[in-house]
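What follows is one structure encoded as C-alpha cells, with my remarks underneath.
The values are calculated or read from the model by the stated rules, or taken from the named source; none is laboratory data. Since we're looking at a predicted model, the values are computed, not measured. No Cβ is skipped: glycine too gets one built from the backbone with ideal geometry, and neighbour counts run over all protein chains shown. Heads up: the accessible areas ignore ligands, DNA and RNA and are worked out on the full protein's heavy atoms, side chains in. Shrake-Rupley method; radii C 1.70, N 1.55, O 1.52, S 1.80 Å.
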Amino acid sequence: MVPRTRTTRTMLVWSAVLMVCALLLAGCGTNFGTTDDGKQRYRWKMTVTTGSTSTWYLAAEKFAKDLEAETDGRITMKVFGNERLSAGEATAGVEQLMDGAKDFSYNSPIIYAGVDPRFGAVTAPFIFDTVEDGQKALAGEGGDVYGDYLAERGVHLLGFGESGMRQLTNTHRPIHTPEDMRGMKFRIPGFGMYTDLYRQIGANPTTMPFGEVFTALQQGAIDGQENPIDVIYSANLQEVQPYLTLWNYSYDPLILGVNKDLFDSLTPEDQKLVTRLAGDVNEFQIEKNRDGEEKLIAELKDSGMEVNELSDEEKDAFRTKLSPIYSEYRKVWGPDMAQAFIPKGL
C-alpha cells in the first residue's frame, strides 16, 4: 500500500504541473479547435496601458469586435486595460508580447525603449511641432526602421496609433522656462533619454508605475508628471494637478503590435484580415484622439486647471538647453533611427 504522505505529495506535484500548463495555455494565442470547414479558432488577449475611457482602449475594443464579427466568432479577443496582465508594469507587458505570453498590445515607443533604447528615437524632444509631422515621419523610412527593429524583438508591427504630444502637469506654477522646472520632482517613464532630459533642465526625474501616479501626486511625493492629454484626462489627474503646460515636447505614437510567432503562424488569409482591421483601428484611434483633444483641454480648464502654452521662442530656449541630448542620443539610436527622426542642426 502506498503511504498516504506520498499520495498527497504526488497529487500536489501533479496539481502544480497542471496549473503551470493552464497558465501557459492561457497566456498565448493558442488554437481552440477548428470550424466545420477546417479554419482555426483563436482566443487572443490584448492589453493597453490606459483605462477604459481612453481612445487606446476604445480602439482595442473595436479591434476585438471587428475580428469577432468578420470571422463569425472564430476569432475572439479580450482587451485588458491598465496593463492588468503585467500588474501595471508596462515594460513587463511589452516583454510579455515579445515572449508570446500575450498576443497584441498598444504601447508607446517609450515603453519599448525600456527594453531597447533605439525605440525612443521618434519621441526625441522638440523635433516635431505637430502630430501630423510625427505621423509623416513614421509613414516613410522611419516606420520601416521600426518594423525591422520590432521584428528583431519578436513583434510584428501592425502600424501606428497616436497618443499625441506629451504635455506637463505640476503642483506649483505655470512652466515657461527651464528655470521654472528646477528642483521639481517629476514622474517620468522608465526611459533613459527622459531621465537625462529632465536632469539637463534641472528637474528631479523619478520613475514609478503609472497606476501609482495619482496617489503620489495626491500625497505630494512627486510634484508633477508628463503625458498626452488623453492620458491626463482619463486618469483624472486634474483632481490633483492645478497646472497644465502645453509644450508639445515629445511626439508619442502608439505601436500596435502582435507577437511575431503568432502572426507568422496564421494563414495568409488571416494575416490579411488582421492587417486590414488593424489599419482601420489605427485610423479610428488617431481620429478619435485628435478630435477629442481640444474638448478635453477645455474640460480640464473647466475643472480648474490653469493652462499655458509655450511660444516658439520659449520652445527654442528648451532646445538650446537640451542640445547635448541630441548629440548623445544619435549614438544610442544608431544611424538609421537618427537619420529618420533627428533633423540636422539639432
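The 3J(HN,Hα) values that the Karplus relation (6.51, -1.76, 1.60; θ = phi - 60°) gives for region 215-220 are, in residue order, 5, 5, 5, 4, 8, x Hz. Gly and Pro appear as x. Which net charge results for the neighbourhood of LEU85, defined as the other residues with beta-carbon distances under 9 angstrom from its beta-carbon, given Lys and Arg at +1 and Asp and Glu at -1? Residues near LEU85 contribute +2 overall. Accessible area per residue for region 201-300, computed on protein heavy atoms with a 1.4 Å probe, is 40 Å².
Size of region 155-236 from its Cα atoms: along the principal axes, largest to smallest, the extents are 41, 27, 22 Å. Work out the P(r) tail for region 52-171: percent of alpha carbon pairs separated by more than 20 Å, whole number. So the pairs more than 20 Å apart make up 50 percent of the total in region 52-171. Here the contact order of region 50-207, divided by its residue count and restricted to Cα pairs under 8 Å and six or more residues apart, works out to 15 percent.
Regarding region 100-248, what's the average projected area of the Cα-atom convex hull, expressed in nm²? For region 100-248, the mean projected area of the Cα convex hull comes to 9.0 nm². Taking 0.36 nm per residue of sequence separation and removing the Cα-Cα distance, the THR34/ARG290 pair yields an extension gain of 88.1 nm. Mean silhouette area of the chain, derived from the convex hull of its C-alpha atoms and averaged over all directions, reads 21.7 nm². Rounded to the nearest Hz, the phi-derived 3J(HN,Hα) couplings of region 180-194 under the Karplus curve 6.51 cos²θ - 1.76 cosθ + 1.60 (θ = phi - 60°) are 5, 9, 4, x, 7, 9, 10, 6, 10, x, x, 9, x, 4, 5, where x marks glycine and proline.
In this structure, the amide hydrogen of GLU309, modeled 1.01 Å from its nitrogen in the peptide plane, lies closer than 5 angstrom to those of LEU246, counting only residues at least 5 positions away or on a different chain.
Short-range pairs are left out: with C-alpha atoms under 8 Å and at least six residues apart, the relative contact order of region 156-232 is 43 percent. Annotation: peptides 96-105, 209-218, ranked by per-residue average of other Cβ atoms within 10 Å with the highest first, follow the order 96-105, 209-218. Which stretch or stretches of region 160-175 have amide N atoms under 15 Å from the point lying 7 Å from ASN308's Cα along the Cα→Cβ direction? Backbone N within reach: 168-175. Spin-label model, GLU152 to GLU132: label points 7 Å out along the Cα-to-beta-carbon direction sit 3.4 nm apart. Taking all Cα pairs closer than 8 Å and separated by 6 or more residues, the relative contact order of the chain comes to 22 percent. The accessible-area ordering, largest first, of the residues ARG41, ARG182, ARG153, ARG166 stands as ARG182, ARG153, ARG41, ARG166, per a 1.4 angstrom probe.
Place a point 7 Å from the Cα of ARG173 along the Cα-to-Cβ direction; which residues of region 206-245 have their backbone N under 16 Å from it? Flagged as within label range: 223-224, 242-245. With r as the distance between the Cβ atoms of LYS331 and THR207 and R0 = 25 Å, compute the FRET efficiency 1/(1 + (r/R0)^6) and round to 0.05. Given R0 = 25 Å and the Cβ-Cβ separation, E is 0.65.
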